[in-house]
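Worksheet: one structure, shown below.
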Amino acid sequence: MYQACIFDLDGTLADTLDSIAYFGNSALEECRYPAIDREKYRYLVGKGSERLMRGMLQEVSPKGYTEDDVMMLRKIYENLYEQDPMHFVDQYTGMEEVLRELKEHGMKLAVLSNKPHNITSRLITMLYSPDMFDICYGQRFNVERKPSPVGALQIAKELGVEPKDCLYIGDTDIDMQTGEAAGMDTVGVLWGFRCRNELEQSHAKHIVRDPKEILPIAMGKTVAV
């Protein structure tokens, strides 16, 4: 049995694709760029706000962009997001029940996201009960973002748990790389933004189709593929 589960946010704990696409396209519109198709955002997200802005600009500005363009787009995007971070956001069906059962079995729970820390904290507070997670970290200026293992290892240390006793759960190659680099077993989820092939190529130890499949893995009872 594992002692702790560390969860990604976007595409794992929270269905945020429509929200990210909405705020991304709203920011592009303010900067007089065309909108990007919702499905393209699946592959633009996951590496932090700055990388998201660069990816968006590469899509809409084939002639190139400047650092000022990145800064301006990011400022507008984050200002819009902070005004209403729950816009078009929802839990994935069954996730809250799974989290509650994990806690009832004594599991320590944490969140680690590349989304800015203030927005990560607000989303978790709005989506889940205050006692659900022991630690919640988004991207912080003094901590390397995923796939660096620094954030995951810091969480394990603060929880008082060895990395080998932690399960890292996410929906992208970045998450699988993070968990592996931290010495944690990984679970790739198929209800998020990416596909099975990406998770398999990123050496996910387990792949699950439904949140309830996390429970037996965390209890050390089965392997999902």
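The values are calculated or read from the model by the stated rules, or taken from the named source; none is laboratory data. Bear in mind the structure is a predicted one, so any value in this text is a computation, not a measurement. Positions of Cβ are backbone-derived with ideal geometry, glycine not excepted, and every protein chain shown enters the neighbour counts.
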Would you please name the residue that is nearest to the chain's Cα centre (by Cα), looking only at residues in the stretch 147-165 that are part of a loop (DSSP other than H, G, I, E, B) and closer than 19 Å to Val187 by Cα?
Pro147
So, Asp90, is that one crowded, with 19+ Cβ neighbours inside 10 Å and out of contact with any helix residue (DSSP H, G or I) (no Cβ under 7 Å at 6 or more places or on another chain) or not?
no
Please count how many residues of the stretch 184-217 are small (Gly, Ala, Ser) and within 14 Å of Met95 (Cα to Cα).
1
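Yes/no matrix, rows are residues, columns are (1) hydrophobic (A, V, I, L, M, F, W, C); (2) crowded, with 21+ Cβ neighbours inside 10 Å; (3) closer than 25 Å to Gly179 by Cβ; (4) in contact with a helix residue (DSSP H, G or I) (Cβ under 7 Å, 6 or more places away or on another chain):
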| position | (1), (2), (3), (4) |
| --- | --- |
| Ile6 | yes, yes, yes, yes |
| Leu28 | yes, yes, no, yes |
| Gly48 | no, no, yes, no |
| Asp84 | no, no, no, no |
From the options Asp165, Asp173, residue that is surrounded by fewer than 22 Cβ atoms within 10 Å (Cβ to Cβ), in the same structural domain as Arg196 (by TED's automatic domain parsing) and closer than 28 Å to Leu44 by Cβ
Asp173
So is Ser26 at pLDDT 95 or above, outside the structural domain of Ile124 (by TED's automatic domain parsing) and farther than 27 Å from Phe133 by Cα or not?
yes
Considering every residue within the stretch 1-19, establish whether at least one is closer than 27 Å to Val208 by Cα and at pLDDT below 95.
yes
Subset tally (residues that are within 19 Å of Glu78 (Cβ to Cβ), in contact (Cβ under 8 Å) with a residue 60 or more places away in the chain and not in a strand (DSSP E or B)) for the stretch 96-126:
3
Might you let me know whether the stretch 176-196 holds any residue that is in a helix (DSSP H, G or I), within 28 Å of His87 (Cβ to Cβ) and either touching a residue at least 40 places away in the same chain (Cβ under 8 Å) or aliphatic (A, V, I, L, M) (or both)?
yes
